[in-house]
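Visitor: Here it is, the structure in full.
The values are calculated or read from the model by the stated rules, or taken from the named source; none is laboratory data. Here the structure is a predicted model, which is why all the values come from computation and not from measurement. Because the Cβ atoms are built from the backbone with ideal geometry, glycine has one as well, and the counts that use them run over all protein chains shown. To get the accessible areas, we keep the full protein, side chains included, count just its heavy atoms, and leave off ligands, DNA and RNA. Shrake-Rupley method; radii C 1.70, N 1.55, O 1.52, S 1.80 Å.
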Amino acid sequence: MRHLSLIAGLVLIAGAVQAQQLDWWQTGVIYQIYPRSYKDSNGDGIGDINGIISKLDYIASLGVAAIWLSPIYKSPMADFGYDISDFRDIDPLFGTLDDFKLLVAEAKSRNLGIIMDMVPNHSSDEHEWFVKSEQKIEPYTDYYFWQPAKGFDPNGAPIPPNNWLSVFGGSAWAWSELRQEFYLHQFHAKQPDFNYRNPAIVQELKDILTFWYDLGVYGFRWDAVTHMFEDPALPDEPVSGNPVDPNDYNYLKHIYTQNLPETPYTLSLYKAHTDEYSLNAGDGLHRVMMLEVWNPIEEVMQYYRNVSDFPFNFRFLTTMGAYSNGRDAENAIRGWVDNIPDNGWPNWVVRKTGF
Ligand SMILES: *[C@@H]1O[C@H](CO)[C@@H](O)[C@H](O)[C@H]1NC(C)=O
């Protein structure tokens, strides 16, 4: 999910579109930067925005169209910035919002776009919304996925609503002493899941997109979107049969917590919002929406159409290795272009160090 660079649209291979005018995101290379390790400007040993600015001439010289930044939002860093405590600010580790504005301007003057990471599935437990939700302060009460205990064990300890497991291991439910309810966290306990069935959350995220589009970003890469919805009936998930510890995420089959049909629909609302923004901006800039989806190919393809500009094509990473040959490359390419829906645009995720 991290340390990848992305090439969008190998036109010669796809051959899907001939003379028609192609847009920047269809022909350009999108270059991922993991800011923490990229370039340190102030000697604290951690990469930062000013470090990235100092490398823009180099990046432009690579022929890159846009830079995608892994998360730099304000965060307690329980999960390397994927636990966001303010979606409208930069973490001081990386700089300030003014540094970010300078980055956008300096990039633009070199014909480079800046793409932000969107982490839609949860916030930090230190986000103001969660702090208020835990106290049932409106309108935040139902911003997160709260559930009462299923009961209490003989020692008085609350029993979680079901057997769901966190990707990081152990129960996906954490007890709030304050609210006397469990909240769901599919990842770290410091990453409470949003309740996407609450339209207020959908609107909040639209407003966040608008905030960054207003600052000049060229789009978003959406993290781990398949975890956005859970089955509201909260059924236990079946055992997978994988020979792992019962606390390990892979112990269960995630049929009620991943890839629910509501996910593409909700994403399509953000796509519509993004397209509408681009249209109203009247600047001819297509703001891109690209998704991280690690799934079987038929499922991945459902994230094209009105859901995004493209879900990442990880096939070069997942189907090829050090000893792959030309035939393997052909298979990796065909596996994507033969399945792509009409009007879908291909993309190829590659590592800088080779396949
Ligand atoms: C996207 O397409 C699906 C399937 O056709 C449709 O149900 C949904 O309403 C569309 N989304 C938007 C925002 O129009």
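Visitor: I need the trypsin sites (Lys or Arg not before Pro) found in segment 261-355, filtered to DSSP loop residues with at most 13 other beta carbons within 10 Å of theirs. List each step's numbers first, then the result.
Guide: Working: sites: LYS271, ARG287, ARG305, ARG315, ARG327, ARG334, ARG351, LYS352; in loops: ARG287, ARG305, ARG351, LYS352.
Hits after loop and neighbour filter: ARG351, LYS352.
Visitor: Next up: Can you tell me the relative contact order of the chain? Whole percent, Cα pairs under 8 Å, sequence separation 6 or more. Present the calculation step by step, with values, prior to reporting the outcome.
Guide: Details: 672 pairs, mean separation 53.7, N = 355.
So the answer I get is 15 percent.
Visitor: Can you quote the Å³ per residue value for the convex hull of the Cα atoms in the chain, rounded to an integer?
Guide: Numbers: hull volume 57.4 nm³, N = 355.
Hull volume normalised by residue count: 162 Å³.
Visitor: Place +1 on the Cβ of every Lys and Arg and -1 on the Cβ of every Asp and Glu in the chain, take the dipole about the Cα centre, and give the residue among LEU291, PRO158, THR27 whose Cα lies farthest towards its positive end.
Guide: Comparing the listed Cα positions along the dipole, THR27 ranks first.
Visitor: Testing the spin-label approximation: label points 7 Å from Cα along Cα→Cβ at SER54 and ASN306. State their distance in nm.
Guide: Here the modelled spin labels are 4.8 nm apart.
Visitor: At R0 = 56 Å, how high is the FRET efficiency between ARG179 and SER61 if r is their beta carbon distance? Nearest 0.05 is fine.
Guide: On the way: r = 53 Å, r/R0 = 0.95.
Plugging the Cβ-Cβ distance into 1/(1 + (r/R0)^6) gives 0.55.
Visitor: Something else now. Taking 0.36 nm per residue of separation and subtracting the Cα-Cα distance, what length does fully extending ASP98 through VAL239 add? Intermediate values should be presented prior to the final figure.
Guide: On the way: separation 141, 0.36 × 141 = 50.76 nm, distance 4.95 nm.
Length difference between fully extended and current span is 45.8 nm.
Visitor: While we're here: Give the cross-link partners of LYS150 among the aspartates and glutamates, using a straight C-alpha distance below 17 Å as the criterion and excluding same-chain residues fewer than 8 apart.
Guide: Straight-distance partners of LYS150: GLU177, GLU181, ASP231, ASP236, GLU237.
Visitor: Next question. So if each residue of separation counts as 0.36 nm, and I subtract the Cα-Cα distance between GLU128 and ALA322, what length gain in nm does that give?
Guide: On the way: separation 194, 0.36 × 194 = 69.84 nm, distance 4.67 nm.
That works out to 65.2 nm of additional length.
Visitor: Report ³J(HN,Hα) in whole Hz for each residue of segment 294-305, in order, from the Karplus equation J = 6.51 cos²θ - 1.76 cosθ + 1.60 where θ = phi - 60°; Gly and Pro get x.
Guide: 9, 8, x, 4, 5, 6, 4, 5, 5, 8, 7, 6
Visitor: For segment 127-183, state what percent of all Cα-Cα pairs lands in each successive 5 Å bin, counting from 0 Å until the bin that includes the largest distance.
Guide: That works out to 4, 19, 25, 21, 18, 10, 2, 0, in percent per bin.
Visitor: Residues of segment 295-311 with the amide nitrogen closer than 19 Å to a label point 7 Å from the Cα of LEU279, along Cα-to-Cβ, please.
Guide: Flagged as within label range: 305-310.
Visitor: Further question on the same structure: What ranking, highest mean first, results for peptides 49-57, 197-205 when packing means the other Cβ atoms within 10 Å averaged over each residue? Display every interim value, and only then the final one.
Guide: Values: 49-57: 17.9, 197-205: 15.2.
Highest mean packing first, the order is 49-57, 197-205.
Visitor: Follow-up. Identify all lysines with a Cα-Cα distance to LYS74 below 27 Å; exclude those on the same chain that are fewer than 8 residues away in sequence.
Guide: Straight-line reach from LYS74, under 27 Å: LYS39, LYS55, LYS101, LYS108, LYS132, LYS136, LYS190, LYS206, LYS271.
Visitor: On to the next question. In square angstrom, rounded to the nearest 10, how much accessible surface does ASP231 have for a 1.4 Å probe?
Guide: 40 Å²
Visitor: Then there is this: Taking a point 7 angstrom from the Cα of ARG351 along the C-beta vector, which residues in segment 34-51 have backbone N less than 18 Å away?
Guide: 34-35, 37-38
Visitor: Sort 75-82, 63-70 by the packing proxy (mean of other Cβ within 10 Å over each peptide's residues), most packed first. Don't skip to the end; give the middle numbers.
Guide: Details: 75-82: 18.8, 63-70: 20.6.
Packing order, densest peptide first, comes out as 63-70, 75-82.
Visitor: Which order do you get for SER85, SER124 if you rank them by accessible area with a 1.4 Å probe, largest at the top? Spell out each step's value before the answer.
Guide: Numbers: SER85 25, SER124 0 Å².
Sorted by accessible area, descending: SER85, SER124.
Visitor: For GLU299 and ASN331 in the same chain, what is the full-extension length gain: residue separation times 0.36 nm, less their Cα-Cα distance, in nm?
Guide: In short, 9.7 nm is gained.
Visitor: Starting from the residue with the highest accessible area, list TYR140, TYR31 in decreasing order, probe 1.4 Å.
Guide: TYR140, TYR31
Visitor: Taking a probe of 1.4 angstrom, what is the accessible area of ASP342 in Å², to the nearest 10?
Guide: Looks like 140 Å² after rounding.
Visitor: FRET efficiency for SER109 and ASP214, Cβ-Cβ distance as r, R0 = 22 Å, nearest 0.05?
Guide: Working: r = 19 Å, r/R0 = 0.85.
That gives a FRET efficiency of 0.70.
Visitor: Moving on to the next point. Quick one: how many Å² of ILE208 are accessible to a 1.4 Å probe, rounded to 10?
Guide: Taking all protein chains as shown, ILE208 has close to 0 Å².
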